[in-house]
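Take a look at the structure below.
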Amino acid sequence: MNYYVCETCGVQYEKSIVEPSECKICTEERQYVSVNGQKWTTLDELVASSQYKNKITFEEDGLHSIKTVPTFGIGQTAYLVQHSHFNLLWDCITYIDTETITTIKELGGINAIALSHPHYYSSQVEWAEAFDAPIYIHEDDKEWVTRPSEHIVFWSGEELILEEGIVLHRVGGHFKGATVLEWQNNKKEGVLFVGDIIRVVADRKWVTFMYSYPNFIPLPTNIVKRIASQIDSLNFGKLFDAFHRVIEKDAKERVQISATRYIEALENKLFET
């Protein structure tokens with residue numbers, strides 16, 4: 001019996017004797033099956049290969065990024081937010097080993113895990129068991145959980161306060177339950193973590209919004225307008241996305257300007273006819 005992991009997206013499945021017939025995350029139109037076909041591995045195999053390690057990097061006071069090198073699966077970054085004796089793991093990565101666990105425990109451990117959307121569920125249960133932490137997932141994305149666990153807490157509504165200054169907001173779009181994290185880090189303006197519900201583009205002064213990034217399916221303008229309106233009510237000056245792209249200042253303004261540009265493009269207002 002193994003907890004199989006999809007090599008394309010890095011999401012771990014519940015225990016089975018044989019490999020699953022398909023990955024429901026990858027066969028859905030927001031993701032994809034590798035051109036080389038569906039392939040599976042296990043976390044034990046990844047650790048035993050000695051090919052991977054997690055790079056844990058200090059970003060600023062109270063914040064570390066966690067990234068697997070070389071890249072595995074989608075290649076996203078997780079973030080450890082250290083807030084007033086409450087440590088939150090934002091989003092998840094597949095690879096976890098004893099070195100990672102030891103380092104994070106030295107940083108105070110993990111009190112809770114929160115996910116932006118199903119593409120980053122990864123081996124979230126392994127992380128939860130290693131640190132005896134609850135996993136917060138919006139109930140609108142319940143159907144995408146591939147490994148059930150008593151650690152998972154399905155929350156509802158548009159907002160969940162985990163601790164004062166640590167707030168989850170459901171904004172939808174990329175997935176129905178898509179969530180962002182607002183962190184008030186004892187500075188005038190806080191930090192927003194967005195996964196790729198909002199994604200920072202090559203020019204770090206802009207962001208974009210998509211239903212599917214690998215398949216280039218945009219979101220309709222009415223949804224982007226709603227997301228922008230919700231984001232405008234939050235307090236942040238800095239923004240981190242899932243691929244370690246950062247808008248260092250004026251991030252709230254840049255999201256609004258980007259949303260306007262996106263909407264104008266889809267409404268054919270940016271182009272000469």
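The values are calculated or read from the model by the stated rules, or taken from the named source; none is laboratory data. Predicted model only: the values in this text are computed from it and were never measured. We place every Cβ from the backbone using ideal geometry, glycine too, and count neighbours over all the protein chains shown. Accessible surface is based on the protein model in full, side chains and every heavy atom, while ligands, DNA and RNA are left aside. Shrake-Rupley method; radii C 1.70, N 1.55, O 1.52, S 1.80 Å.
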- Query: Roughly to the nearest percent, how much of the accessible area of the chain is carbon and sulfur, given a 1.4 Å probe?
  - Reply: 47
- Debye calc, one equal point scatterer per Cα of region 1-87, no solvent, log10 I(q)/I(0) at q = 0.20, 0.24, 0.26 1/Å comes to -0.98, -1.15, -1.24
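What is the sum of charges, Lys and Arg at +1 and Asp and Glu at -1, for the other residues whose Cβ falls under 12 Å from the Cβ of LEU160? Provide the component values of the computation, followed by the final result.
Details: positive: ARG170; negative: GLU139, GLU158, GLU159, GLU163, GLU182.
Once all neighbours under 12 Å are counted, the net charge is -4.
If packing is taken as the average number of other Cβ atoms within 10 Å across a peptide's residues, how do 263-269, 90-96 rank, most packed first? Please list the in-between numbers first.
Numbers: 263-269: 12.3, 90-96: 25.7.
Going by the mean number of other Cβ atoms within 10 Å, highest first, we get 90-96, 263-269.
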- Message: Run the numbers for VAL33 and GLU264: contour at 0.36 nm per residue of separation, minus the present Cα-Cα distance, in nm.
- Response: 79.9 nm
- Would you calculate the volume per residue, in Å³, of the smallest convex hull containing every Cα atom of the chain? 131
- Note on the structure: If amide H atoms are modeled at 1.01 Å from N in the peptide plane, then the residues at a separation of 5 or more from GLU59, or on another chain, having amide H under 5 Å from its own are HIS64, SER65
- Starting with the highest mean, order 185-191, 238-244, 44-50 by the number of other Cβ atoms within 10 Å, averaged over the residues of each peptide. 238-244, 185-191, 44-50
- Mind checking which lysines have their C-alpha under 17 Å from LYS142, skipping anything on the same chain fewer than 8 residues away? LYS24, LYS176
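Calculate how many DSSP beta bridges within region 114-273 are antiparallel, expressed in % of all such bridges and rounded to the nearest 5.
Looking only at bridges with both residues in region 114-273, the antiparallel portion is about 70 percent.
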- By a straight-distance test (C-alpha under 22 Å), which lysines pair with LYS187 as possible cross-link partners, with residues fewer than eight away in the same chain excluded? LYS205, LYS238, LYS249, LYS252
- Query: Per q in 0.14, 0.15, 0.21, 0.24 1/Å, what log10 I(q)/I(0) does a Debye calculation on the alpha-carbon atoms of region 86-189 return?
  - Reply: -0.53, -0.60, -1.12, -1.36
- Per residue value of the accessible surface for region 2-267 (all protein chains in place, 1.4 Å probe), Å²: 43
- Message: What is the distance in Å between the Cα centroid of region 197-227 and that of region 50-91?
- Response: 23
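Take the Cα radius of gyration of region 147-235 and divide it by 2.2 N^0.38 Å, with N its residue count; two decimals is plenty.
On the way: Rg = 14.2 Å, N = 89, 2.2 N^0.38 = 12.1 Å.
That ratio works out to 1.17.
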- At 222 nm, what helix-only mean residue ellipticity would the chain give, in deg cm²/dmol to the nearest 500, using -39500 (n - 2.57) for each DSSP H run of four or more? -5500 deg cm²/dmol
